[in-house]
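Engineer: What follows is a structure written as C-alpha cells; I'll ask about it next.
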Amino acid sequence: MTGSIGSAAAGLAATNDAMQGIISAANSGGFQVTPEAGDELIRVFREFQDAALLDIQRELSNLKYRTPLGDSPAGQAIADFNEQVVAGGDGRSYEELILQMKERVPQVIEAIKKGIQSYREVDEGNAGNVGVRD
C-alpha cells in the first residue's frame, strides 16, 4: 500500500503542476486552443470535478486511518510514512494535493476559455490578412 499511496500522490502532484501550467500560460497569453478541443477539455475537467474528485475525497477519509502494521520498527516506519504521504502538512501530501486540485479545476476551466478566445482572436486576425500583400 505504501507504494500505491506514494505513486498516487506523485501522480496528483504531476497533474496539479500541469494544471498550474495551463493557468499560467493562459494568464500570460501563451495558451491557445481550438474551440472544439477547448470545449472537450472543459467537459473533461467538469466531469473530473463533479465525479472523480468527489470520489477521491470520500476515499481520503479511509486513507487517513493509521495503517495497522504492528509494533515492530519496520511496521511503525511504514505506518508513519503512509500517514505523512496522506496528510503530511508539507504542501505535497495526498490530502493537500486533492484540495489544491479542487481549487484549481475552476481556474483551469477559465484558462481554457481564455485559450479559446485567444485562438479565435489570432484566427480572425489571420483571416483578415488572407490575400493581403505588402
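Engineer: Looking for whichever is at pLDDT 80 or above, among the acidic types (Asp, Glu) and part of a helix (DSSP H, G or I) here; the options are 55, 71, 123. Which one fits?
Structural biologist: Numbers: 71 fails: part of a helix (DSSP H, G or I); 123 fails: at pLDDT 80 or above.
Among 55, 71, 123, only 55 is at pLDDT 80 or above, among the acidic types (Asp, Glu) and part of a helix (DSSP H, G or I).
Engineer: Still on this structure, please answer the following. Which one is surrounded by the most Cβ atoms within 10 Å (Cβ to Cβ), of the residues in the range 18-41 that are outside any helix (DSSP H, G or I) and touching a Phe, Trp or Tyr at 6+ places or on another chain (Cβ under 7 Å)?
Structural biologist: Among those that are outside any helix (DSSP H, G or I) and touching a Phe, Trp or Tyr at 6+ places or on another chain (Cβ under 7 Å), it is 33.
Residue by residue, here is whether (1) under 14 Å from the mean Cα position of the chain (by Cα); (2) farther than 21 Å from residue 112 by Cβ holds:
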| site | (1), (2) |
| --- | --- |
| 33 | no, no |
| 38 | no, no |
| 45 | yes, no |
| 52 | yes, no |
| 68 | no, yes |
| 84 | no, yes |
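Engineer: Then there's this: Restricting to the range 93-120, what's the tally of residues that are assigned to a helix (DSSP H, G or I), at pLDDT below 90 and of a type in the set (S, T, N, Q)?
Structural biologist: Summing the residues that are assigned to a helix (DSSP H, G or I), at pLDDT below 90 and of a type in the set (S, T, N, Q) in the range 93-120 gives 1.
Engineer: Scan the range 38-57 for residues that are free of Cβ contacts under 8 Å to residues at least 24 places away in the same chain and of a type in the set (A, V, I, L, M, F, W, C) and jot them down.
Structural biologist: Selection gives 44, 51, 52, 54.
The values are calculated or read from the model by the stated rules, or taken from the named source; none is laboratory data. Note that this is a predicted model, so its numbers are computed, not measured. Positions of Cβ are backbone-derived with ideal geometry, glycine not excepted, and every protein chain shown enters the neighbour counts.
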